[in-house]
Amino acid sequence: MTPPPVVDAHHHVWDLAVRDQDWITGEELAPIRRTFTLADLEPEARAAGVVSSVLVQTVAVAEETPEFLALADGSTLVAGVVGWTDLTAPDVSDTLAALRALPGGDRLVGIRHQVQGEPDPEWLLRPDVLRGLRAVAAAGLVYDLVVRPHQLPAAVRAAALLPELSFVLDHAGKPPVARRATHPWADGLRALAALPNTACKLSGLVTEADPRSWTVEDLRPYADTVIEAFGPSRLMYGSDWPVCLLAAGYTDVLDTARELTGGLGETDRRSVLAGTAQRVYGLREPAVRHPQEASARQPRFRCGTLEACPNCRKSKPCGTS
């Protein structure tokens, strides 16, 4: 039997010739301190049965989101982009409208900020942040939550205050898999799942475990908790490529997700592997263009990427080829 189609609801790309990824530091992250492009991902994704994907921001830099939208505009894989904007800025609504007007702006489906790096555990509850989140909701976008377990209570309160906004929890809220602990993660996760305007990504678990010795059974208690809390209709698969490469290959991560959801019925598994992401993000199948048309639409830079020219660091073509 042919496996059902898959939507990869969470992956990244970056080009270190364009912009540093200042979070990739230390010996443990050294294997991913290099450039990763869509050209690297696409063959693996297609071979694994992935029909579309969501490209997620990596750094809090305004230029990255227009670059990602341009990438999506020239891609037959990327159906959605979760970008970044400064939620605390007074003109956040105007900024979101401007992003929507760019080439590929129709692929903008959500916004994310690295809340996990904020020292204030209640950052999400700041008045200026809540104002920005309301603008995200008014724009018809989703908000991706990347938080650690101690930040889940604030995420719960923010989601309760903004029932008009859909929140998607990245990486299942980063459970402490390597320590084989569940508290306080499980309580916070269940509290968030109790709110109807929330969903969750079955992603990032392999890198929360011991990257050298993890097994599927190490992950199962956490996956079971997530499945029970959110249900298949609010759970979506994501690879977290290329970060996942610290612990497992692209296909290995997908195979692990299939094994962790093996106890579900076929309809529920299809929801986790594709349907939930399509519904929550409002994804459309990326148009399959004639190769010449796709080539003509993609900005060409001397660096050979679509993100930006390494000479001028602009997100628009500078004229070099």
I need the shape label for segment 80-205. Rule: rounded when a/c is under 1.5, else prolate if a/b > b/c, else oblate, with a, b, c from the alpha carbon gyration tensor.
prolate
For the chain, what are the DSSP H helices with axial Cα length of 18 Å or more and mean Kyte-Doolittle hydropathy of at least -0.5?
216-230
Quickly estimate the mean residue ellipticity at 222 nm for the chain, helices only: each DSSP H run with n ≥ 4 gives -39500 (n - 2.57), and the total goes over all residues, rounded to 500.
-9500 deg cm²/dmol
Can you give me the accessible area per residue for the chain, using a 1.4 Å probe, in Å²?
42
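In whole percent, and with a 1.4 Å probe on the protein chains, what portion of the accessible area of the chain is carbon and sulfur? Working shown, then result.
Numbers: 6980 of 13480 Å².
Here carbon and sulfur together make up 52 percent of the probe-accessible area.
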Accessible area of Val51, 1.4 Å probe, to the nearest 10 Å²?
40
Name the residues whose placed amide hydrogens come within less than 5 Å of the amide hydrogen of Leu169, ignoring near sequence neighbours (fewer than 5 apart) on the same chain.
Leu145, Ala199, Cys200, Lys201
Which value, in Å² rounded to 10, gives the accessible area of Trp185 with a 1.4 Å probe and all protein chains present?
0
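Take every Cα pair under 8 Å in segment 1-144 that's 6+ residues apart, average their separations, divide by the length, and report that relative contact order as a whole percent.
Dividing the mean separation by the residue count of segment 1-144 yields 21 percent.
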Given axes a ≥ b ≥ c from the Cα gyration tensor, I'd like to know whether segment 1-117 is rounded (a/c under 1.5), prolate (a/b larger than b/c) or oblate.
oblate
So what's the convex hull volume per residue for the Cα atoms of segment 145-293, in Å³?
125
Convex hull volume per residue in cubic angstrom - Cα atoms of the chain
129
Expressed in nanometres to one decimal, the distance between label points 7 Å along Cα→Cβ at Arg212 and Asp252 is 1.4
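The values are calculated or read from the model by the stated rules, or taken from the named source; none is laboratory data. Keep in mind the model is a prediction, meaning the values are calculated, not measured. Neighbour counts run over all protein chains shown; Cβ positions are idealised from the backbone, glycine included. Remember, those area values only see protein heavy atoms, side chains included, never the ligands or the DNA or RNA. Shrake-Rupley method; radii C 1.70, N 1.55, O 1.52, S 1.80 Å.
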